[in-house]
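Enquirer: After the structure tokens below, expect a handful of questions from me.
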Amino acid sequence: MTPQDIAEKSAACMWADDPASQELGMKIETIEPGHAVMSMVVRKDMVNGHGICHGGFSFTLADSAFAFACNSYNLRVVGQHCQVTYLTPGKLGERLTATATEVSRTGRSGIYDVRVTGEDGRDVLIFRGHSRQVSGTHFDQNDE
């Protein structure tokens, strides 16, 4: 299998067991080794008392893109810690896009930057996630 094949199969395995991302209407736009792009439309049930996208939902989109990027090597990886900075609000009906990019991957640890943008290209939030590899794989590569 090529690294791209591994990334795609890892994403398919994760997606099949990810009702949180699915139920929020997220979509995987792009998956590559160490990289993922996901999108989500801000629904009425995602809007807070200020009439803007609740920060927890835009954070969840960033966190999901982070998860798919760092799990793209057929190794099970979890988030260890992250930092998020909210820059502008998401709007009702707007498609938000999260682009996760690997910054560093050494041993069992990784660092990934995620940029969530609005439809007009403005930055909604910036997220930096630290990952940690745990035991296991998403699929048996020997069966391929």
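Enquirer: Quick check: is even one residue across the stretch 63-74 of a type outside the set (Phe, Trp, Tyr) and surrounded by fewer than 19 Cβ atoms within 10 Å (Cβ to Cβ)?
Expert: no
Enquirer: Would you mind telling me which numbered condition in (1) under 26 Å from residue 137 (Cβ atoms); (2) over 16 Å from the mean Cα position of the chain (by Cα); (3) not hydrophobic (A, V, I, L, M, F, W, C) residue 54 fails?
Expert: Failing condition for residue 54: (1).
Enquirer: I've got another one for you. For the stretch 6-34, how many residues meet the condition of being touching a residue at least 12 places away in the same chain (Cβ under 8 Å) and part of a helix (DSSP H, G or I)?
Expert: Looking only at that region, the number is 11.
Enquirer: It is to be established whether one or more residues within the stretch 78-99 are more than 24 Å from residue 141 (Cβ to Cβ), hydrophobic (A, V, I, L, M, F, W, C), in contact (Cβ under 8 Å) with a residue 12 or more places away in the chain and buried (at least 21 other Cβ atoms within 10 Å of the Cβ).
Expert: Checked the stretch 78-99: at least one residue is more than 24 Å from residue 141 (Cβ to Cβ), hydrophobic (A, V, I, L, M, F, W, C), in contact (Cβ under 8 Å) with a residue 12 or more places away in the chain and buried (at least 21 other Cβ atoms within 10 Å of the Cβ).
Enquirer: Separate question: Just to be sure, is residue 115 of a type in the set (D, E, K, R), surrounded by 12 or more Cβ atoms within 10 Å (Cβ to Cβ), assigned to a strand (DSSP E or B) and touching a residue at least 24 places away in the same chain (Cβ under 8 Å)?
Expert: Taking the combined requirement at face value, the residue does not satisfy it.
Enquirer: Continuing with this model, one more query. I want to confirm something. Restricting to the stretch 35-51 and keeping residues that are assigned to a strand (DSSP E or B) and over 10 Å from the mean Cα position of the chain (by Cα), which single residue is nearest to residue 74 (Cα to Cα)?
Expert: So, considering only residues that are assigned to a strand (DSSP E or B) and over 10 Å from the mean Cα position of the chain (by Cα), the one nearest to residue 74 (Cα to Cα) is 40.
Enquirer: Is it the case, given these coordinates, that residue 126 is over 18 Å from residue 30 (Cβ atoms), surrounded by fewer than 20 Cβ atoms within 10 Å (Cβ to Cβ), touching a strand residue (DSSP E or B) at 6+ places or on another chain (Cβ under 7 Å) and in contact (Cβ under 8 Å) with a residue 40 or more places away in the chain?
Expert: yes
Enquirer: Please list, ordered by first then second residue, the pairs with beta carbon atoms under 8 Å, 6 or more apart or interchain, first in the stretch 37-49 and within 7 Å of residue 95 (Cα to Cα), second among the aromatic types (Phe, Trp, Tyr) and assigned to a helix (DSSP H, G or I).
Expert: 40/57; 42/57
Enquirer: Could you tell me how many of the residues in the stretch 100-112 are of a type in the set (D, E, K, R) and surrounded by fewer than 16 Cβ atoms within 10 Å (Cβ to Cβ)?
Expert: Residues that pass the stated criteria total 1.
Rule-based calculations on the coordinates, nothing more; no lab input. Please read these numbers as outputs of a predicted model, since none were measured by experiment. Don't worry about glycine lacking a Cβ; one is built from the backbone with ideal geometry, like all the others, and counts go over all protein chains shown.
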